[in-house]
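S.K.: One structure, as structure tokens, below. Some questions next.
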Amino acid sequence: MAKKQFKAESKRLLDLMINSIYTHKEIFLREIISNASDACDKLCYQALTDETVGMKRKDFKIDLTVDKAARLITVSDNGIGMDKADLENNLGVIASSGSYRFKQEVGEDAKNTDVIGQFGVGFYSAFMVADHITVVTKKFGSETAYMWQSSGADGYSIIECEKDTVGTDIIMHVKPDTDEEKYSEFLDSWKIQELVRKYSDYVRFPIRMEVSKTRKKEGLPEDAAPEYETYTEVETLNSMVPIWQRRKSSVKPEEYNKFYRDKFRDYTDPQRTIVVSAEGAVTYKALLFVPGATPFNYYTREFEPGLQLYSSGVLIMDKCGDLLPEHFRFVRGVVDSPDLSLNISRELLQHDRQLKVIAANLEKKIKADLTKMLKDDRAAYETFWQNFGRQLKYGTVSDYGAHKEQLQDLLLFWSSTEKKLVTLDEYVSRMKEDQKYIYFASGETVEKIDNLPQTELLKESGTEILYFTDEWDEFAAQSVQNWQGKEFRSVLDQELEEGDAKRAEETADAHKAAFDFVKETLGDKVAAVKASARLKSHPVCLTAGEGLSFEMEKYFQSMEGGSAFKAQRILELNADHAAFRALETAVTEDPEKARKYAALLYNQALLIAGLPLEDPSGYTDLVCELMK
């Protein structure tokens, strides 16, 4: 038969199909298998009303054959097959989809089928790896089989041929290797198996292939060394029924755990399993996991968040980041929906309403599950918090605090009185009747914060203080701003109660000469020297006032390239302490010694605040000099 030209615009269109639409060449096998699955589904659907089909769903299959010597890959199905008109319409017209027409004809009943193809271009992806394709097919109800052949854009031919059974064989002759591309890898059995399990593991019909295996020879003498032989066996490569398609009541927790470990290559069981089944405007199923441990690369640029996205059991995207908000990026899992609007290559999602609806619903499900864990299993939640609490704190800050309303009731902070992690609700429930603020203090560790001079007065009064030990704690508090009408107030940098500033000012006025002397001595090293209303048994502390705190300064300094941001340095002195009285006496009797006292107190304040000394050697010399 004479060769026909494709009923498409030009060779350029076919080149576009096979060179531009698909990102990865390995996708070709997914597309060919998906077409075979559609063919099986169509005949399976027809069998529901046509007794002459004589087949049930369990009878359908897809067979793969690899002939490495001849460089052939064959995908065979026993589905509905094609006649000459189908070959002309489906393979002679680029971007014509028989599956799409089938779904239109079936209408509402298409919900009960699992056809995958929509665009009619998937078949041509095979030309990415094959230089010649032969299609041998026989349609159900027809006595005649046909062979379609093409080497690409130069056209195709269709002739009658012999085929005993209904169905279609796609025979692909793999291109020779080049310096840039090693097409021969697709002729390796292990590679074919890998691609099936990666992209087509949940196709609902068995995908079978003859594979080589090794076994111990039988019949050898008992004292003989073991010998092994190689044999071949037809093996089903795909698992067919996804675990997320099964009813939750029929799946054991151990099965979910095994699926998670195998699927996401984790050595630990997930801490939480979230099963979602939704029907309505968008139908989808999701199986989500909260990891039981922090991935080793979680807080690095190498970590890729996102859920695996399937459409009718076929993998579309390995990591779809659009399905998870940044604050829940630690969640792993799969989403499967037949309703997604895919782009032409089935590799990327069009950013449409359906995707947004699924993402919004999953966000609510994850939040609800974390809230339930916090309420019902506090120990488990605290384990989760140690793993991913920083991510939630970051979430309250990101996007200018857009997500704080959703996350703030999940936050935990260390309590000075409870000696454990507490929620903001729990803190407020224990506040004294006349307490106006949620007090917090920041530092490197709980122990260091607990020993800070500024916490002494509040601790003696029994007032609860939240200890901020993570670099994101203060940023989160600033984002939340207040909880149940109670503002956050820093024990280290802000006045504890109303009236403290006035009392401190009156104290400073009473000892004006000493305070002025210290400010003059220290000069620009400090923004101000003032009397402290927060110190009791300690002589000195350093505060930052409003705005940037010392902990924030340290955070910005730790960033790559450092930072020019610096907090104000306000030196606070305890006028009731013996060290201040010695300073005040020296101001009038020995100004030189007074200057040394001022420098000594300033350096001590730096040490207490965890800030670097400007001249460590000079400080130690000064201490030694004053010890004489």
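The values are calculated or read from the model by the stated rules, or taken from the named source; none is laboratory data. Owing to the predicted nature of the structure, the values given are computational and were not obtained by experimental measurement. Ideal geometry is used to build each Cβ from the backbone, glycine not excepted, and the neighbour counts take in all protein chains shown. Ligands, DNA and RNA are stripped out before the accessible areas are found, and what is left, the full protein with its side chains, is counted by its heavy atoms. Shrake-Rupley method; radii C 1.70, N 1.55, O 1.52, S 1.80 Å.
S.K.: Regarding residue 163, is this residue of a type in the set (Lys, Arg) and within 22 Å of residue 29 (Cα to Cα)?
M.R.: The answer is no for residue 163.
S.K.: State whether one or more residues within the stretch 547-559 are hydrophobic (A, V, I, L, M, F, W, C), within 19 Å of residue 456 (Cβ to Cβ) and open to solvent by less than 50 Å² (accessible area, probe 1.4 Å).
M.R.: Within the stretch 547-559, one or more residues are hydrophobic (A, V, I, L, M, F, W, C), within 19 Å of residue 456 (Cβ to Cβ) and open to solvent by less than 50 Å² (accessible area, probe 1.4 Å).
S.K.: Which of the strands (runs of 3 or more DSSP E) found entirely inside the stretch 427-493 contain at least 2 residues meeting this: of a type in the set (A, V, I, L, M, F, W, C)? Can you show your working first?
M.R.: Values: elements: 437-442, 466-468, 486-490.
Fully inside the stretch 427-493 and qualifying: 437-442, 466-468.
S.K.: Out of 452, 370, 349, report the one residue that is within 20 Å of the chain's Cα centre (by Cα) and at pLDDT below 95.
M.R.: Step by step, each of 452, 370, 349 is checked, and only 349 is within 20 Å of the chain's Cα centre (by Cα) and at pLDDT below 95.
S.K.: Contact list please: Cβ distance under 8 Å, first residue in the stretch 151-176 and on the phi > 0 side of the Ramachandran plot, second residue in a loop (DSSP other than H, G, I, E, B) and not aliphatic (A, V, I, L, M), pairs at least six apart or on different chains.
M.R.: Every condition considered, the pairs that remain are 155/3; 155/5; 155/6; 167/78; 167/79; 167/81.
S.K.: Of the numbered conditions (1) of a type in the set (Val, Ile, Thr); (2) open to solvent by less than 80 Å² (accessible area, probe 1.4 Å); (3) more than 24 Å from residue 133 (Cβ to Cβ), residue 214 satisfies every one except a single condition; which is it?
M.R.: The single condition residue 214 does not satisfy is (2).
S.K.: Looking at the stretch 596-611, is at least one residue touching a Cys at 6+ places or on another chain (Cβ under 7 Å) and either over 16 Å from residue 538 (Cβ atoms) or modelled with pLDDT under 95 (or both)?
M.R.: Yes, the stretch 596-611 contains at least one residue that is touching a Cys at 6+ places or on another chain (Cβ under 7 Å) and either over 16 Å from residue 538 (Cβ atoms) or modelled with pLDDT under 95 (or both).
S.K.: Residues that are within 49 Å of the chain's Cα centre (by Cα) and over 20 Å from residue 508 (Cα atoms): find the helices (runs of 4 or more DSSP H) completely inside the stretch 567-628 holding 3 or more of those.
M.R.: By residue number, 591-609, 616-626.
S.K.: Given the structure, is residue 260 in a strand (DSSP E or B) and touching a Pro at 6+ places or on another chain (Cβ under 9 Å)? Working first, answer last.
M.R.: On the way: in a strand (DSSP E or B): no; touching a Pro at 6+ places or on another chain (Cβ under 9 Å): yes.
Spelling it out, it is not the case that residue 260 is in a strand (DSSP E or B) and touching a Pro at 6+ places or on another chain (Cβ under 9 Å).
S.K.: Determine which single condition residue 63 fails, assuming it passes every other condition in (1) touching a residue at least 12 places away in the same chain (Cβ under 8 Å); (2) out of contact with any Lys or Arg (no Cβ under 8 Å at 6 or more places or on another chain).
M.R.: Condition not satisfied by residue 63: (2).
S.K.: Under 7 Å by Cβ, and 6 or more places apart or on different chains, what pairs join a residue from the stretch 612-628 that is under 19 Å from residue 554 (Cα atoms) with one that is hydroxyl-bearing (Ser, Thr, Tyr)?
M.R.: Matching pairs, first to second residue: 613/619.
S.K.: Follow-up. Would you please list the contacts, defined by Cβ atoms under 6 Å and residues six or more apart or on different chains, that run from a residue in the stretch 198-216 that is farther than 21 Å from residue 27 by Cα and in a strand (DSSP E or B) to a residue that is small (Gly, Ala, Ser) and open to solvent by 30 Å² or more (accessible area, probe 1.4 Å)?
M.R.: 211/189
S.K.: Out of all the residues in the stretch 323-346, which are open to solvent by 20 Å² or more (accessible area, probe 1.4 Å) and either modelled with pLDDT under 90 or farther than 27 Å from residue 391 by Cα (or both)?
M.R.: Result: 338, 339, 341, 343, 344.
S.K.: How many residues are among the aliphatic types (A, V, I, L, M) and assigned to a loop (DSSP other than H, G, I, E, B) when one looks only at the stretch 520-566?
M.R.: Of the residues in the stretch 520-566, 8 are among the aliphatic types (A, V, I, L, M) and assigned to a loop (DSSP other than H, G, I, E, B).
S.K.: Given the condition assigned to a strand (DSSP E or B), more than 17 Å from residue 4 (Cα to Cα) and under 46 Å from the mean Cα position of the chain (by Cα), answer yes or no: does some residue in the stretch 157-167 qualify?
M.R.: Yes, some residue in the stretch 157-167 is assigned to a strand (DSSP E or B), more than 17 Å from residue 4 (Cα to Cα) and under 46 Å from the mean Cα position of the chain (by Cα).
S.K.: Residue 506 versus (1) under 25 Å from residue 598 (Cβ atoms); (2) open to solvent by 60 Å² or more (accessible area, probe 1.4 Å); (3) not in a helix (DSSP H, G or I); (4) not aliphatic (A, V, I, L, M): which is the lone unmet condition?
M.R.: (3)
S.K.: Search the stretch 478-507 for residues being farther than 21 Å from residue 459 by Cβ and hydroxyl-bearing (Ser, Thr, Tyr), and hand back the single one that is modelled with the lowest pLDDT.
M.R.: 507
S.K.: Related question: Return a yes/no flag: does the stretch 223-246 have any residue that is in contact with a Phe, Trp or Tyr (Cβ under 9 Å, 6 or more places away or on another chain), within 21 Å of residue 27 (Cβ to Cβ) and open to solvent by 30 Å² or more (accessible area, probe 1.4 Å).
M.R.: yes
S.K.: Separate question: Which one of these does residue 106 not meet: (1) under 36 Å from the mean Cα position of the chain (by Cα); (2) open to solvent by less than 60 Å² (accessible area, probe 1.4 Å); (3) modelled with pLDDT under 55?
M.R.: Condition (1) is where residue 106 drops out.
S.K.: So which of 259, 296, 328, 289 ends up being farther than 22 Å from residue 198 by Cα and in contact with a helix residue (DSSP H, G or I) (Cβ under 7 Å, 6 or more places away or on another chain)?
M.R.: Of 259, 296, 328, 289, the one residue that is farther than 22 Å from residue 198 by Cα and in contact with a helix residue (DSSP H, G or I) (Cβ under 7 Å, 6 or more places away or on another chain) is 328.
S.K.: Still on this structure, I have one more. Would you be able to say whether some residue in the stretch 202-209 is more than 17 Å from residue 314 (Cβ to Cβ) and open to solvent by less than 90 Å² (accessible area, probe 1.4 Å)?
M.R.: There is at least one residue in the stretch 202-209 that is more than 17 Å from residue 314 (Cβ to Cβ) and open to solvent by less than 90 Å² (accessible area, probe 1.4 Å).
S.K.: Inspect all residues belonging to the stretch 184-192 and state whether any of them is aromatic (Phe, Trp, Tyr) and open to solvent by 30 Å² or more (accessible area, probe 1.4 Å).
M.R.: Checked the stretch 184-192: at least one residue is aromatic (Phe, Trp, Tyr) and open to solvent by 30 Å² or more (accessible area, probe 1.4 Å).
S.K.: Among the residues of the stretch 426-450, write down those that are within 20 Å of residue 463 (Cα to Cα), touching a residue at least 24 places away in the same chain (Cβ under 8 Å) and charged (D, E, K, R).
M.R.: Within the stretch 426-450, 430, 432, 436, 448, 450 meet the criteria.
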